[in-house]
Amino acid sequence: MRERDSRSPQHKSDVIWAPLLEGALILTAGLLGLVIRQPLIFTSLGPTVYEQVETPERRSATPYSILVGHVVALGAGFVSLFILHALHTAKVAASGHLNWPRIWASVLAAMLTVLVTLLLKASQPAALSTTLLVTLGSSIPHGRRWPSWWEWLP
């Protein structure tokens with residue numbers, strides 16, 4: 001994408017190519033997800049793809065920041081759920097309400113995500129969405145179980 005002046009109208013080519021590229025990236029994740037039988041399309045993918053297409057020059061749009069940011073976010077979310085004994089509490093989407101263990105897990109996970117990504121110079125704003133997907137219980141689709149390596153948790 002070309003560098004844009006904030007005062008000038010968008011380039012016509014951006015209006016055509018940006019949606020096509022964003023759609024192609026999400027389609028790629030969806031196809032890969034079908035092949036490996038994993039839900040690789042999730043809400044924080046949208047802003048991540050948008051940032052990559054619209055502002056590829058930003059450090060947060062680099063593959064390093066994207067991968068490290070989201071991996072840190074996943075880890076921070078699960079660690080926070082475990083530490084605060086919130087892993088087996090009611091999931092927000094399923095129950096329709098928040099509970100204190102998940103609220104505190106969300107707070108801790110957000111703080112950990114920001115701290116670790118800043119220390120690793122892997123700032124990725126959409127990673128906080130990944131963190132909240134985990135802590136609020138939205139990361140595992142209905143009817144699926146946690147990965148087998150999490151079954152040892154209390």
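The values are calculated or read from the model by the stated rules, or taken from the named source; none is laboratory data. These numbers were taken from a predicted model, which means no experiment stands behind them. Cβ placement follows ideal geometry from the backbone for every residue including glycine, while neighbour counts extend to all protein chains displayed.
When segment 119-131 is limited to residues that are touching a residue at least 40 places away in the same chain (Cβ under 8 Å) and not polar (S, T, N, Q), the one that is surrounded by the most Cβ atoms within 10 Å (Cβ to Cβ) turns out to be 127. The set of residues in segment 78-135 being part of a loop (DSSP other than H, G, I, E, B), farther than 26 Å from residue 49 by Cα and of a type outside the set (Lys, Arg) consists of 84, 85, 86, 87, 88, 89, 90, 96, 97, 98, 99. Within segment 95-110, take every residue that is of a type in the set (A, V, I, L, M) and under 10 Å from residue 136 (Cα atoms) and give me the one that is surrounded by the fewest Cβ atoms within 10 Å (Cβ to Cβ). Residue satisfying both the conditions and the ranking: 98. Among what's in segment 51-83 and is under 13 Å from residue 129 (Cα atoms) and aliphatic (A, V, I, L, M), pick the residue that is surrounded by the most Cβ atoms within 10 Å (Cβ to Cβ). Among residues in segment 51-83 that are under 13 Å from residue 129 (Cα atoms) and aliphatic (A, V, I, L, M), the one surrounded by the most Cβ atoms within 10 Å (Cβ to Cβ) is 73.
Residues that are without any contact (Cβ under 8 Å) to a residue 60 or more places away in the chain and closer than 14 Å to residue 127 by Cα do occur in segment 53-62, at least one of them. The set of residues in segment 6-24 that are of a type outside the set (S, T, N, Q) and at pLDDT below 50 comprises 7, 9. Exactly one residue among 127, 105, 110 is of a type outside the set (Val, Ile, Thr), in contact with a His (Cβ under 6 Å, 6 or more places away or on another chain) and within 17 Å of residue 75 (Cα to Cα), and that residue is 127. Quick check: is even one residue across segment 41-63 of a type outside the set (Gly, Ala, Ser), within 23 Å of residue 111 (Cβ to Cβ), in contact with a Pro (Cβ under 6 Å, 6 or more places away or on another chain) and not in a helix (DSSP H, G or I)? No; the residues of segment 41-63 include none that is of a type outside the set (Gly, Ala, Ser), within 23 Å of residue 111 (Cβ to Cβ), in contact with a Pro (Cβ under 6 Å, 6 or more places away or on another chain) and not in a helix (DSSP H, G or I).
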